[in-house]
1. Across region 165-207, which residue is nearest to L93 (Cα to Cα) among those that are under 15 Å from the mean Cα position of the chain (by Cα) and surrounded by 15 or more Cβ atoms within 10 Å (Cβ to Cβ)?
2. Taking only region 99-126 into account, find how many residues are closer than 16 Å to L68 by Cβ and aliphatic (A, V, I, L, M).
3. How many of the residues in region 149-162 are over 15 Å from D77 (Cα atoms) and not small (G, A, S)?
4. Can you tell me which residues in region 76-126 are in contact with a helix residue (DSSP H, G or I) (Cβ under 7 Å, 6 or more places away or on another chain) and either free of Cβ contacts under 8 Å to residues at least 40 places away in the same chain or among the acidic types (D, E) (or both)?
5. Please find, within region 89-103, the residue that is farthest from F176 (Cα to Cα) out of those that are crowded, with 19+ Cβ neighbours inside 10 Å and charged (D, E, K, R).
6. Provide a single number: the residues in region 135-153 that are within 19 Å of I51 (Cα to Cα), hydrophobic (A, V, I, L, M, F, W, C) and surrounded by 17 or more Cβ atoms within 10 Å (Cβ to Cβ).
7. Can you find even one residue in region 140-149 that is over 15 Å from H56 (Cβ atoms) and either at pLDDT below 95 or more than 13 Å from the chain's Cα centre (by Cα) (or both)?
8. I need a count of the residues in region 161-184 that are assigned to a helix (DSSP H, G or I), free of Cβ contacts under 8 Å to residues at least 40 places away in the same chain and among the charged types (D, E, K, R).
Amino acid sequence: MNRGSRLNFACSLHDIPPSPNCHAIVNRSSSKFSPRSGSLDTIPQVCENVIVDKEHLASICAHLCSQLKIIVDLLTDFAADVCDESESARSLLHELEEKVLPFLVKLEIEMAASEKLIRVNIDTARINETKVDWLLKFNKYELEMRDMLVILSGAIYEDLERVLSLRHRGCSGVTFKQESIACLRHMKNDTNRLHKQIKLEQMVPIY
């Protein structure tokens, strides 16, 4: 699947039309988009008395991991095109800001809502309940995904944006950092591993 196909697929999954107000959503110009904060003020409220079962929570985590895999592949494709200089900087920058960024924002919103759901269920569970074990495991998976999203929407996105913005202004010799490329390779392996772990945990019976 090439970059264009990935973009169309990603947008169709989230039903995100390209938006001219994209930067206003995350306010990148003032306070940088920071998924690490996991702000709950901007996400759909999760009812605090919602009790989630293991199968449902596993499906949520598997969905988030699948979305994370898509964005890792998408940014890897972008990095390759940036390094090859096979397309105009203006075109790539437009796609990055109008299609990739909204996908990252949507994933952040979904992840923050899921994190709140897990926290609520952990906080309301009794220490001797068996569900505490799998709640903590899924919480660990969420933390791993959060760390990856922080890097993707932070260092990786900003490096791509920096290179393309400078090239669009006529600066030559600006390249994507090699450590960013290596990081994307590691993330591809990490998301594959994490997705398998989530699926395996989903199959473990509850006693």
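1. L184
2. Step one: of region 99-126, the residues closer than 16 Å to L68 by Cβ are 100-115.
Right, trim to aliphatic (A, V, I, L, M) and you get 100-101, 104-105, 107, 109, 111-113.
Total meeting the criteria: 9.
3. Number satisfying all stated conditions: 5.
4. First, the residues of region 76-126 that are in contact with a helix residue (DSSP H, G or I) (Cβ under 7 Å, 6 or more places away or on another chain): 76-79, 81-82, 87, 89-90, 92-93, 95-108, 110-111, 114-115, 118, 121-122, 125.
Hits for region 76-126 are D77, D81, E87, E95, E97, E98, E108, E110, E115, I122, A125.
5. Selected residue: K99.
6. Looking only at that region, the number is 2.
7. Taking every residue of region 140-149 in turn, at least one turns out to be over 15 Å from H56 (Cβ atoms) and either at pLDDT below 95 or more than 13 Å from the chain's Cα centre (by Cα) (or both).
8. Number satisfying all stated conditions: 2.
The values are calculated or read from the model by the stated rules, or taken from the named source; none is laboratory data. All values reported here derive from a predicted model rather than from experimental measurement. All Cβ positions, even for glycine, are placed from backbone atoms using ideal geometry, and neighbour counts span all protein chains on display.
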